[in-house]
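The values are calculated or read from the model by the stated rules, or taken from the named source; none is laboratory data. Just so it is clear, the structure is predicted and the values come from calculations on it, not from any experiment. Neighbour counts are summed over all protein chains in view; Cβ atoms, including those assigned to glycine, are modelled from backbone coordinates with ideal geometry. What goes into the accessible areas is simple: the full protein's heavy atoms, side chains included, and nothing from ligands, DNA or RNA. Shrake-Rupley method; radii C 1.70, N 1.55, O 1.52, S 1.80 Å.
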Amino acid sequence: MVTEKELAALPRRRSLINSVTRYIVALGGAAVIGAIALIFFYLLWVIAPVFVPASLQVEKTFEMPAGDVRHLDVSESGEFGLRILSTGDVEFIALDQEQPEISSRSSVGFAVERVKPLTPMSNYYALVDAEGTLRVMSASYPVSFEDDQRVVRPRLTLPFEDSELDVSGALDFDLYFESGTALLAVLRGDHVELTQYRDVEEGFALEMPRSTQIDLDAVYDRVWIGPRGQWLILLNESGRLELYDVKRPRRAKLLSTTQVVPEDGRVDVAEVILGRYSLLIGQGGDLQQWFVLRDEYGYRFENVRGFEYDKPLVKIIPEHRRKGFIALDAGGTAHLGYTTSNAQLASHPVGLPGDTYALSPRGKQLLAAAPDGDMRLFVIDNEHPDITWSALWDKIWYEGYDAPVHSWQSSSADNDFEPKFSLMPLLFGTLKAAFYAMLFATPLALMGAIYTAYFMAPSMRKLVKPGIEIMAALPTVVLGFLAGLWLAPIIEANLSAVLSVILVLPVGLMLLAWLWSLLPKDLTRRFDGWYGLVAVVPIISMVAIAFELGPHLEVQFFGGDSRAWFLNELGLSYDQRNALVVGLAMGLAVVPTIFSIAEDAIYGVPRHLVNGSLALGATPWQTLVRVVLLTASPGMFSAVMIGLGRAVGETMIVLMATGNTPIMDLNIFEGMRTFAANIAVELPESEVGSSHYRILFLTAMVLFLLTFAFNTVAEVVRQRLRARYGSL
Amino acid sequence: MLSHNAGGVRSWFASGEPWVWMNAAAVALSIIAVVGLLGLIAVRGLAHFWPADVLEVTYQDRTGQRVTLGERVESEFIPIERYAEASVREDDDRAAGLDVVERTLYKVGNRRATPPDFMWIYSHDIVGTATPESVFVLERTEWGNAYGYLESLTDDGVVVATGADAAAAFLQRMDAATELREEIAALEGGELNRINYGLEQLRLEERRLVIEGRDTAAALADIDAQRQVLNADYQVAEEALRQLHGALARSSVTLRLAEGRTIDVKLSEIVRAWQPNLMSVLDKLGHYGASVALFLTDNPREANTEGGIFPAIFGTVLMVMLMSILVTPFGVIAAIYLREYARQGTFVRLIRIAVNNLAGVPSIVYGVFGLGFFVYFIGGTLDELFYPEALPSPTFGTPGLVWASLTLALLTVPVVVVSTEEGLTRIPRSLREGSMALGATKAETLFRVILPMASPSILTGVILAIARAAGEVAPLMLVGVVKLAPTLPLDGNFPFIHLERKFMHLGFHIYDVGFQSPNVEAARPLVFATALLLVLIIVGLNLTAIMLRNRLEQRYRGVES
């Protein structure tokens, strides 16, 4: 028996359950809706940093003892600044402290006249004294742990202590040091002295020098050693630029001469950027990028892009790890720029043109020192300078290419490699794959839907519709596998047969229909609505005939080898896994989607419309074309849109049935790389937070928006249609 | 429809008859494609397990007459031009006068002794074929099948049987060897797995103590003691394993290959042995069944190109189960919210369209989200908070089972929502009103009236979601599948289900073996078999859903009338 107390509590319990349920349902509903929104916002959150503008800001200013600063640098981690003074004093400044101060000071023991960092190693410096003697100095920042505290004690060494190289009287010099070989180029006006040291080891003197002198045809005042010590780049004030091949110094060869400024012009600033293929040459407020490229006529310098500034430039500071730079103008403003993307990223006043500047190796800090000891540290936020909207979609002239191109090439084994992130080849591939798939699927699915909904016997329709719809559930990995490993070899071996099917099938079907119409009407009437089944055997035999005829057609029309014929006659090369295979396989994946929705739309056309038309004397075909299809056309349109959405985002079929090469070629016999396949291939290998990673997220976002747009259009159209059917 | 008359072709075209035929042809083509695809997969997948007769083919070669043993795989005709290109013989006039030549692919096995294991032989080269009765097929753990005649059986280096006696003795030994192998597998998968897992846990425990500053001498000594125990266990288990391996390696057989060479094969390397040419159809059926069973229950071998697919089946099923546990409540609650609780208006309509459209968003997009948000963001945070001892090697901050299930749950949530909503819409308003009129609260109406009535459509939705999830591969490639998982995500070690582990998956298995394996020719039949299994599962699930939906429709017809 229920006690009175329990009875009294019951309504309260019931209303409690009621409201708890309401909250849980509302919470769960909100959670699901939130999760859906989260996808969109998370993708956006990952992509956003790419489009956040770069910035350059003062972090701190501080005082150091006044001195004649010959060179300034920042350590790899950004913790230390390095100041080389004319007195030979070298100071390490602890930058990460609230009020930076000198943490250690030592002296190289001679007065320093000039300093030039070695290439391509960082932390090595060539110091030249007043007599023109060059010594190499290196700074290192060893990390140790004392009482579990990370301690860095910067150290100074003269790695080749006994070696004093003579650069007296030189207008300019460059010292290249990598993997046991050092190359010193000393420019003395109209000739260059090139000295190569072999078997170079730190702690030992530079040994086995081999010197050569290269006589020049004009007077130059700047010299750079090119990539891997193979080139010599020379420039003079009047803008004459020369390139020598010094792979074998004794047989140095002039490769190219170019005039980089107008006859009466003057070079104000010039610097090489990372990789040393490119020079930035400034004249007034104009900065131009020149690089070496090779074509059938040999090497030449090409002016590939320019930057313009309001004030004349006084200094170019190249980035260490990227192809970016800071251009300093006469007003003391630093301009952050990036060559490949042709972007001017940020500007900020940093000091006086006469100050000394240093950019940290990671490009995140800029240190400035004035002669009076005033120092300023700037932070640079510039994570993705290589990516701009135009860099993603426009043609870009990369170093070493002879023309601007659209190129997607995200990684390579080579260190000098610059990733190329043009989305055009991927967009092209995506649309190409979708186009060929739709070319095959749309007519097949729509025609199939028309027949099934309008002509087919109901008992057959009951089987055919779910039968075709089951195919929508077929895993695409299975379709992709069949396309790549079964269909592609068959098509490759029987290309002419496959092409002849396209010809034989319509003609054969017309013939079949004609013959059918000759049969007695009493006989044929029984098969009304079963044509779909009647046609199966003829179609299979036609395909068989086409395959039987294939080899003969091959001999007749294609000289025994259709692939060679296409290449020679039409210039179409043939990949085994190509757009034709993808079109067929992905088309097949899309057919059930389009078929199902279009069939619903046609089948749903109100019966009285059809009956009315027939009653007025129209034939079934006329009724179909003039009444049914017209009414159902929005539904068929939305079916095609949804099919297109599916074709655009399909991954596995494209991944397995194409070679995944990001090329831009409409040729049906070549492959492509789509957004989706590209993500599947590259994302697992991509470094989190890198430009590459964010661009892959961007492509996911593009896919998301693209398909979402297609589907929304389709859905809206479908809802309108439903309302219209309702009103009819 | 109009038949043609003397009016001729023009009026025939005007009647639309040819176009009707074209439309019918489209249906026919689709039917052919569906039936053809399923048939192709079924035939290729099922044929793989049939113990075909082994033929002894005598054929002409550049070097003279040769013999080989092998199973016939397929025949084809190729144009004489391609034959001429491929032919290495200058003086080849045997194919003269032919337009096409026939060639047959034989699986000749013996990959180690006489590579490669597949060989094309031209029909005009064949001198004769025979089906020798005594020929043996040995399925080996490495190097694929061996075909040959049994010469002798050796125990510990001593020949114990030769000729006809050897066969019987060998098959008897094989039974014993199979038992030994099972014992070894049990030991490796059970005891040794437990010990290794325990040792790893102790190592992590020790690091955790150090990190948290609780590494007192007592605690460390305790860990050391546990480690001693485990190490002692390990010694015992290893000794047992060594003895089993020794017993297994005792016997070997000598096999004479087609051309007279002999090879020795240890019993430990043989998975199964049979004599196909001696088997009756019934025997073959039995063997066929055993092969299928082995395929379903065995681990893969030889870079997944041989052996079974058990871990892939297991991984797929477990992932899908986890996914349905996640997706069902959320999908159903969202649908109930949208249909029963939320105020119907523009906002809800927009959300409904958005949910609908999400079903059409490419699955790879979900994979990207799963990798970025679940794996790197949530997983990375979990690692920092709860598993600092394992860093820098990630625990949850790397693709794994739980992230794959979550990602697929998100992917399939629209399917469940749409299906459940459909079911809720069909429930007549009068029923709700009736329930309320009798004094039931809204929650009581929901639990007692609406949910029971909507349950078939909820089930339909879940089944469709499972079918979709089982066939998805693209997002899984980003969030958790691997080509070969060393351990199953479910085992005897606490907490039994290891959500962070990577797993194998049927769909990915198809992609991996079909496209990444070194010996595609040998792996192809296996891929067809895997594809067949996957297709069967998915088609089966879909048919179930369709049947449920049909039954549902009938049921409501009753309610509405």
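Here are some notes:
- Selection count where residues are facing chain B (nearest Cβ under 9 Å) and either of a type in the set (G, A, S) or touching a residue at least 40 places away in the same chain (Cβ under 8 Å) (or both), scope the stretch A:514-549: 8
- Tally of residues being within 11 Å of another protein chain (Cβ to nearest Cβ) and free of Cβ contacts under 8 Å to residues at least 12 places away in the same chain across the stretch A:15-65: 27
- Test for B:L459: is it in contact with a Pro (Cβ under 7 Å, 6 or more places away or on another chain), more than 30 Å from B:E200 (Cα to Cα) and in a helix (DSSP H, G or I): no
- Candidate set: the stretch A:287-298, residues that are at pLDDT 90 or above and either at positive phi or not hydrophobic (A, V, I, L, M, F, W, C) (or both); chosen: the one nearest to the chain's Cα centre (by Cα): A:Q289
- A:R577 being open to solvent by 40 Å² or more (accessible area, probe 1.4 Å), outside any helix (DSSP H, G or I) and either over 25 Å from A:N711 (Cβ atoms) or acidic (D, E) (or both): yes
- Listed by first and then second residue, the pairs with beta-carbon distance under 7 Å, at least 6 apart or on different chains, first residue in the stretch A:336-348 and part of a loop (DSSP other than H, G, I, E, B), second among the polar types (S, T, N, Q), are A:T339/A:S278; A:T339/A:Q289; A:S341/A:T388.
- One residue from A:S104, A:S138 being farther than 30 Å from A:V58 by Cβ, open to solvent by less than 60 Å² (accessible area, probe 1.4 Å) and in a strand (DSSP E or B): A:S138
- The number of residues in the stretch B:294-320 that are in contact with an Asp or Glu (Cβ under 8 Å, 6 or more places away or on another chain) and in a helix (DSSP H, G or I) comes to 1.
- For the stretch B:457-467, the condition of being facing chain A (nearest Cβ under 10 Å) and more than 30 Å from A:I17 (Cβ to Cβ) holds for at least one residue.
- Scanning the stretch B:26-52 for residues that are farther than 19 Å from A:W486 by Cα, more than 8 Å from chain A (Cβ to nearest Cβ) and either within 22 Å of the chain's Cα centre (by Cα) or modelled with pLDDT of 90 or more (or both) turns up B:F49, B:W50, B:P51.
- Subset of the stretch B:337-356 (residues that are farther than 23 Å from A:G645 by Cβ, without any contact (Cβ under 8 Å) to a residue 60 or more places away in the chain and assigned to a helix (DSSP H, G or I)): B:Y337, B:Y341, B:T346, B:F347, B:V348
- If only residues of the stretch A:212-250 that are more than 34 Å from the chain's Cα centre (by Cα) and basic (K, R) are counted, the one that is farthest from A:Y197 (Cα to Cα) is A:R240.
- Residue list for the stretch A:655-664, restricted to those being more than 10 Å from chain B (Cβ to nearest Cβ) and in contact with a Ser or Thr (Cβ under 9 Å, 6 or more places away or on another chain): A:T658, A:N660, A:P662
- Yes/no for B:L464 being in contact with a Pro (Cβ under 8 Å, 6 or more places away or on another chain), among the aliphatic types (A, V, I, L, M), under 22 Å from B:L411 (Cβ atoms) and open to solvent by 10 Å² or more (accessible area, probe 1.4 Å): no
- Taking the criterion of being crowded, with 21+ Cβ neighbours inside 10 Å and facing chain B (nearest Cβ under 10 Å), the residues of the stretch A:466-484 that qualify are A:I468, A:M471, A:L474, A:P475, A:T476, A:V477, A:V478, A:L479, A:G480, A:F481, A:L482, A:G484.
- Selected residue (criterion: nearest to the chain's Cα centre (by Cα)) from residues of the stretch B:486-528 that are open to solvent by less than 20 Å² (accessible area, probe 1.4 Å), within 25 Å of B:F377 (Cα to Cα) and not aromatic (F, W, Y): B:H505
Yes/no per residue for (1) loosely packed, with under 15 Cβ neighbours inside 10 Å; (2) more than 38 Å from the chain's Cα centre (by Cα):
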site	(1), (2)
A:V20	yes, yes
A:I39	no, no
A:E59	yes, no
A:A66	yes, yes
A:V69	no, yes
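- Taken over the stretch B:357-395, the criterion of being more than 14 Å from chain A (Cβ to nearest Cβ), in a helix (DSSP H, G or I), in contact (Cβ under 8 Å) with a residue 24 or more places away in the chain and open to solvent by 10 Å² or more (accessible area, probe 1.4 Å) is satisfied by B:P388, B:A390.
- In the stretch A:110-130, the qualifying residues are those that are over 43 Å from the mean Cα position of the chain (by Cα) and open to solvent by 70 Å² or more (accessible area, probe 1.4 Å), and the one that is farthest from A:F177 (Cα to Cα) is A:A130.
- Single residue of B:R501, B:R557, B:R524 found to be away from every other protein chain (no Cβ under 13 Å) and modelled with pLDDT of 80 or more: B:R501
- So A:F421, is it surrounded by fewer than 20 Cβ atoms within 10 Å (Cβ to Cβ), aromatic (F, W, Y) and not assigned by TED's automatic domain parsing to the domain that holds A:W621: no
- A single entry from B:S324, B:S268, B:S252, B:S291 fulfils the requirement of being in a strand (DSSP E or B) and either of a type outside the set (A, V, I, L, M, F, W, C) or open to solvent by less than 50 Å² (accessible area, probe 1.4 Å) (or both): B:S252.
- A:G689 satisfies every condition listed in (1) within 12 Å of chain B (Cβ to nearest Cβ); (2) in contact with a helix residue (DSSP H, G or I) (Cβ under 6 Å, 6 or more places away or on another chain); (3) not aliphatic (A, V, I, L, M) except (2).
- The lone exception for A:A369 - which of (1) away from chain B (no Cβ under 14 Å); (2) within 30 Å of A:F51 (Cα to Cα); (3) of a type in the set (A, V, I, L, M, F, W, C) it fails: (2)
- The residues in the stretch A:489-532 that are open to solvent by less than 30 Å² (accessible area, probe 1.4 Å) and not in a helix (DSSP H, G or I) can be counted, and the count is 1.
- Any hit, the stretch B:397-413, residues being among the polar types (S, T, N, Q) and over 24 Å from the mean Cα position of the chain (by Cα): no
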